[in-house]
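Reading through the C-alpha cells given below for one structure.
The values are calculated or read from the model by the stated rules, or taken from the named source; none is laboratory data. Worth saying up front: this structure is predicted, and the values here are computed from it rather than measured. With ideal geometry, Cβ positions are generated from the backbone for all residues, glycine too; neighbour counts draw on all protein chains shown.
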Amino acid sequence: MANPSTVVAYRSDAAHRPFSLASESEPGDGSRKPVPHGADAAEREDLPYKVELWDKSKNTVEQILAVTANASIGYAAYYAATREHPDRYITLRHKNGIVSRWNGPTH
C-alpha cells in the first residue's frame, strides 16, 4: 500500500490539478515546532540508542548512522550497519555505554 504522503489524487472541480494527501503530523505542515539542530543532551534523552560508524583508525566517530528510542530498532540498525560496512568498526550505544561492537575482520 502506498504511503499517504506520496498518493496523488485529483478533484473533479479543480480542473484535474493534482494535490498531495498527507497525515496530520507530516513534517513541514506547521503544526509542530521543529527541534533545533543544536539541542542539548537533556532534550535528546528520549533517543538513547545510537549506531556509530568509526573511522578506519578507530579513533573518532565518522558518522552516526541511527538514533532511536527503541532497543530493537537500534539493534536492527546496528545489524544492518555491520552488513553494509563489514570491514569497519561499528558500535551500538545506549546513552554513554556500549551495548555491542563490531570490529570487522582482522585479516
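Inside the stretch 56-95, residues that are of a type in the set (D, E) and either in contact with a helix residue (DSSP H, G or I) (Cβ under 7 Å, 6 or more places away or on another chain) or in contact (Cβ under 8 Å) with a residue 12 or more places away in the chain (or both) make up a count of 1.
For (1) of a type in the set (A, V, I, L, M, F, W, C); (2) assigned to a loop (DSSP other than H, G, I, E, B); (3) modelled with pLDDT under 95, each residue gets a yes or a no:
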| site | (1), (2), (3) |
| --- | --- |
| A42 | yes, yes, yes |
| D46 | no, yes, yes |
| K56 | no, yes, yes |
| E62 | no, no, no |
| S72 | no, no, no |
| A76 | yes, no, no |
| R93 | no, no, no |
| R101 | no, no, no |
